[in-house]
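The values are calculated or read from the model by the stated rules, or taken from the named source; none is laboratory data. Worth saying up front: this structure is predicted, and the values here are computed from it rather than measured. Every residue, glycine as well, gets a Cβ built from its backbone with ideal geometry; the counts of neighbours run over all protein chains shown.
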Amino acid sequence: MSNARELAGGVAIVTGGSRGIGLAVSGSLARGGARIAIVARDAERAAGALDGLEGDGHAAYSCDVSDSRACKKTVAAVESGQGPVSILVNNAGITRDNILLRLRDDDWAQVIATNLGGSFNMVRAAARRMMKRRSGSIINITSVIGLMGNAGQANYAASKAGLHGLTKSVAKEFASRNIRCNAVAPGFIRTDMTADLDESVVDALKERIPLARLGEPDDVAGVVRFLAGPEARYITGQIITVDGGMVM
Ligand code: NAI
């Protein structure tokens, strides 16, 4: 599959696509032939990320996904600038970790508004257009924490578990319009989000991971590319864990 350009002619929105897992997803979908629309809060970094992408026709947009009006405008801008959106990857996400009794209202609200609300905002903006064309693939980046829960991450776990519910509901609601919606739930992946983990914590983690290493962003990106493309045409409403076997 790696030499095929199975996504040629398509336009893929990748939120938070300028670094970490999102950047790897942008690269992978671009290698598949899609034109990439990187949607991120920091327009400058997003624009910088475009240089590394294979092919032409990529663009960057500044948008905070927790702002529903901005999402609507951004999807409209992508469609007028780059063409009909065929793939939406909701990857933008944040953590505000603390033990539950110390979580502030704002820690709860921001994580839910970004991880869960942001994905809803983008799905609603893009699905309306996909529906008319009777085709589309939506991929939500969730987390194994949404399946397992985690002490100190109640807000994050709730947002990702909520995304699993959103994924299955969207899959059911839009299947008759040939729009598929799946979730990819990564385990521990080496990015800025996990950069602060102590080496002793990483060693302890490895003991719980059958494949005995942390994941790389490209480990996740390959699965997203598969779900985005025609090989996954009969797959919808699924949560695919990419975690080295940690949750099974
Ligand atoms: P990261 O922190 O490197 O990247 C997150 C991206 O989302 C950044 O580009 C950031 O600017 C963007 N973003 C955050 N809030 C935004 C907003 N309101 N509007 C627009 N963009 C926004 O994190 P990483 O590790 O690449 O994570 C990507 C996704 O993968 C997240 O949803 C995260 O929850 C999920 N994930 C990561 C894991 C890991 O071990 N790194 C494990 C499981 C899931």
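Taking segment 126-143 as the range and being over 16 Å from Asn182 (Cα atoms) and either within 13 Å of the ligand (Cβ to nearest atom) or not in a loop (DSSP other than H, G, I, E, B) (or both) as the test, the residues that pass are Arg128, Arg129, Met131, Lys132, Arg133.
List, please: which pairs have Cβ atoms under 6 Å, are six or more places apart or on different chains, and start with a residue in segment 224-241 that is among the aromatic types (Phe, Trp, Tyr) and end with one that is at pLDDT 95 or above? Cβ pairs passing all conditions: Phe226/Ala232. Within segment 180-194, residues that are within 14 Å of Thr236 (Cα to Cα) sit with their Cβ atoms under 6 Å from residues that are assigned to a loop (DSSP other than H, G, I, E, B) and not β-branched (Val, Ile, Thr), at 6+ positions apart or across chains, in these pairs: Asn182/Gln238. Among the strands (runs of 3 or more DSSP E) confined to segment 6-117, the ones with at least 1 residues that are in contact with a helix residue (DSSP H, G or I) (Cβ under 8 Å, 6 or more places away or on another chain), over 24 Å from Lys132 (Cα atoms) and without any contact (Cβ under 8 Å) to a residue 40 or more places away in the chain are located at 59-62. Taking segment 119-145 as the range and being in contact (Cβ under 8 Å) with a residue 40 or more places away in the chain and either more than 26 Å from Val78 (Cα to Cα) or surrounded by fewer than 22 Cβ atoms within 10 Å (Cβ to Cβ) (or both) as the test, the residues that pass are Phe120, Arg124, Ala127, Arg129, Met131, Arg133, Arg134, Ser135, Ser143, Val144. Any chance you could count how many residues in segment 209-234 are assigned to a loop (DSSP other than H, G, I, E, B) and surrounded by 15 or more Cβ atoms within 10 Å (Cβ to Cβ)? Number of matching residues: 3. Check off (1) away from the ligand (no atom under 12 Å from the Cβ); (2) over 15 Å from the mean Cα position of the chain (by Cα) for Val123 and give me the number that stays unchecked. Single failed check for Val123: (2). If you go through segment 184-205 and keep only what is farther than 26 Å from Phe226 by Cβ and either within 13 Å of the ligand (Cβ to nearest atom) or not in a loop (DSSP other than H, G, I, E, B) (or both), you end up with Ala195, Asp196, Leu197, Glu199, Ser200, Val201, Val202, Asp203, Ala204.
As a summary of the residue check, Ser169 satisfies the conditions (1) under 29 Å from Ala109 (Cα atoms); (2) surrounded by fewer than 16 Cβ atoms within 10 Å (Cβ to Cβ); (3) touching a residue at least 24 places away in the same chain (Cβ under 8 Å) except for the one numbered (3).
What are the residues in segment 12-48 that are of a type outside the set (A, V, I, L, M) and more than 9 Å from the ligand (Cβ to nearest atom), if any? Of everything in segment 12-48, those that are of a type outside the set (A, V, I, L, M) and more than 9 Å from the ligand (Cβ to nearest atom) turn out to be Ser26, Gly27, Ser28, Arg31, Gly32, Gly33, Arg35, Glu44, Gly48.
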